[in-house]
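The values are calculated or read from the model by the stated rules, or taken from the named source; none is laboratory data. Just so it is clear, the structure is predicted and the values come from calculations on it, not from any experiment. Glycine gets a Cβ as well: all are built from the backbone with ideal geometry, and neighbour counts include every protein chain shown. For the accessible areas, the whole protein counts, side chains as well, though only heavy atoms, and no ligand, DNA or RNA atoms are used. Shrake-Rupley method; radii C 1.70, N 1.55, O 1.52, S 1.80 Å.
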Amino acid sequence: MTLANLASPLRLTLLGTLLGFNIAAQAAPAPAAISFDTTPRAGQHQRQLIDLKAVMKMRVEAAPEATDEQRAKIAQAAQRMSQMGPMKFSTQMEQTMKVEQADAEGWLPLTVSIASKGGSMEMGGKAIPMPDTQAMNASYSARFNPKDFSFDFQQVQSSSPQLAEAMKAQGSAMINESLQLFKALSQRPLKVGDSVDVPVTMALPVPLPGGAGAMQGNVRYTLARVDRGVAHFDLNMDLKMDISAPLPSAPASAASAASDSAGAAAEPAKTLQMQIGGSGKGTASLRLADRLPLASRLAMDMKMTMNGPDNGRMLMDMDMVVVSKGESLAKPAAAKTPAKKKP
């Protein structure tokens, strides 16, 4: 994996986009409410519209230990990247959840769908083609047991086999973690001014050697006020990741293999080092009557430093804003018609 490969705009766009989706998914249904009960309930049918906008600025530089030859190549790459200018992109997603009535054993069947609603991308002020966002459309069915907060993933549907596999591998663990957190918080009511910290774990969408790559973070929800049945929260987020992953060795030639067998010192293993740090502030509101996340807004500032195997270093600054709006799709209960009195 070379520095140029890691600097691919498509990879960085996918990284930013999926981080945004993860953050929106975890930040929108604020877990701290007066009742502290945001778990699925029979009859719920909700939709979230998520709008993500980001601006990324990238640059490359030589590490102190770079050779003159490496510095020359990195200087050329830095010039090309500076000519590209900042990358801007926006994308919209729709997430829908529907919860059916409990079965005979008390499990609640539910379905969740995620669909792209379009987007745009530009670099250096010029529009560029967007990746196929429709490939990110997916839906899954599962069941939830409110007695012990058990969650059972049943089926995933997606036109992208990679996305389907990622949801199967990561989705169940992430949802179970969130549900267990909600279970613990349900016994801890908040007063105005109280705060609760919610851990966030995000797997990187860009695969790294050795399977490394998980971003750890924390979102602090502070109950600001309760007004007309709506709980309003202030959000503060911190994210960080530090990775040192071994890179696969290039296939050895016959000559080098013979040299190694003769006792020559083998070339030291190369590693990829990456650090990502970020912070964010925002707000969220939750309607208490039907546990509907009405709205949220989270503005984030993220910085990444990545040291490649060729003594090059890539630095990225990214400003991202994620806005979500919720609505209930549940049909109101039919009013009972009073019985006519007999004459």
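For the reader, a short list of remarks on this structure follows.
- The residues on offer are Lys117, Lys73, Lys88, and the sole one that is open to solvent by 70 Å² or more (accessible area, probe 1.4 Å), in a strand (DSSP E or B) and more than 30 Å from Ala289 (Cα to Cα) is Lys88.
- For Arg41, the requirement of being among the charged types (D, E, K, R), part of a loop (DSSP other than H, G, I, E, B) and either modelled with pLDDT of 60 or more or open to solvent by 70 Å² or more (accessible area, probe 1.4 Å) (or both) is met.
- Sole exception among (1) open to solvent by 30 Å² or more (accessible area, probe 1.4 Å); (2) in contact with a Leu (Cβ under 8 Å, 6 or more places away or on another chain) for Glu165, by number: (2)
- When the criteria are applied in full, Val99 fails the requirement of being over 30 Å from Ile175 (Cβ atoms), in contact with a Phe, Trp or Tyr (Cβ under 9 Å, 6 or more places away or on another chain) and modelled with pLDDT of 90 or more.
- Residue in the stretch 181-191 that is at pLDDT 80 or above and either surrounded by 15 or more Cβ atoms within 10 Å (Cβ to Cβ) or not small (Gly, Ala, Ser) (or both) present: yes
- Taking the conditions (1) of a type in the set (Asp, Glu); (2) modelled with pLDDT under 65; (3) surrounded by 15 or more Cβ atoms within 10 Å (Cβ to Cβ) in turn, Asp260 satisfies each one other than (3).
- Number of residues in the stretch 152-162 that are open to solvent by 30 Å² or more (accessible area, probe 1.4 Å) and at pLDDT 80 or above: the value is 5.
- Of all the numbered requirements in (1) touching a residue at least 12 places away in the same chain (Cβ under 8 Å); (2) more than 27 Å from Gly278 (Cα to Cα), Glu122 misses one, and that requirement is (2).
- Selection count where residues are buried (at least 16 other Cβ atoms within 10 Å of the Cβ) and either over 17 Å from Leu315 (Cβ atoms) or touching a helix residue (DSSP H, G or I) at 6+ places or on another chain (Cβ under 8 Å) (or both), scope the stretch 273-282: 2
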